[in-house]
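Readers should treat all values here as calculations from the given coordinates under stated rules, not as data from a laboratory. Every value quoted in this text rests on a predicted model; they were computed, and no experiment measured them. All Cβ positions, even for glycine, are placed from backbone atoms using ideal geometry, and neighbour counts span all protein chains on display.
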């Protein structure tokens, strides 16, 4: 099990963590298996998405804002971050990625993202490698 920190700078943000995860796999010496990447936060998630065009991140966050507006008059959660909780539940708190020949098995345009929905904050990401 490995842990690393992510510093977010905005309320809603997608940070590419693919290289950090690949470095952890490389340092472990794992040639094959499964990597599980997890956020322990209720207002931040993990997703796999396109990492070539930055507009994908912009569109992704905008559409989540449309689905879950930050200030909804019927939200009751006293911290005022109901939208962040809903976004995290939609995106998910973890992702699994296959490892083959020591490399993350991702498509040409794919990357692993830490998704902040209630920032800026200091966050932790956990990585577990299941050798296979």
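Some points to look at:
- Residues that are out of contact with any strand residue (DSSP E or B) (no Cβ under 7 Å at 6 or more places or on another chain) and not in a loop (DSSP other than H, G, I, E, B) within the range 51-77 comprise 54, 55, 58, 59, 62, 63, 64, 65, 66, 67, listed in sequence order.
- Some residue of the range 25-32 being surrounded by 17 or more Cβ atoms within 10 Å (Cβ to Cβ) and in contact (Cβ under 8 Å) with a residue 60 or more places away in the chain: yes
- Failed condition for residue 65, given (1) closer than 16 Å to residue 10 by Cα; (2) surrounded by 16 or more Cβ atoms within 10 Å (Cβ to Cβ); (3) more than 14 Å from the chain's Cα centre (by Cα): (2)
- Scanning the range 101-121 for residues that are in contact with a strand residue (DSSP E or B) (Cβ under 6 Å, 6 or more places away or on another chain) and outside any loop (DSSP other than H, G, I, E, B) yields 104, 110, 111, 112, 113, 114, 115, 116.
- Criterion: surrounded by 15 or more Cβ atoms within 10 Å (Cβ to Cβ), in a helix (DSSP H, G or I) and either in contact (Cβ under 8 Å) with a residue 40 or more places away in the chain or under 11 Å from the mean Cα position of the chain (by Cα) (or both) - qualifying residue of 85, 41: 85
- Filtered by the rule that a residue be in contact (Cβ under 8 Å) with a residue 12 or more places away in the chain and closer than 30 Å to residue 128 by Cβ, the range 57-81 gives 57, 60, 61, 64, 68, 81.
- Total residues in the range 44-62 satisfying the condition of being under 24 Å from residue 101 (Cβ atoms) and surrounded by 11 or more Cβ atoms within 10 Å (Cβ to Cβ): the figure is 5.
- Evaluation of residue 105 against (1) closer than 17 Å to residue 26 by Cα; (2) in contact (Cβ under 8 Å) with a residue 40 or more places away in the chain (one fails), failing number: (2)
- Among the residues making up the range 98-117, those that are under 13 Å from the mean Cα position of the chain (by Cα) and buried (at least 19 other Cβ atoms within 10 Å of the Cβ) are 111, 112, 113, 114, 115, 116, 117.
- The set of residues from the range 16-34 being under 17 Å from residue 109 (Cβ atoms) and assigned to a strand (DSSP E or B) comprises just one member, 16.
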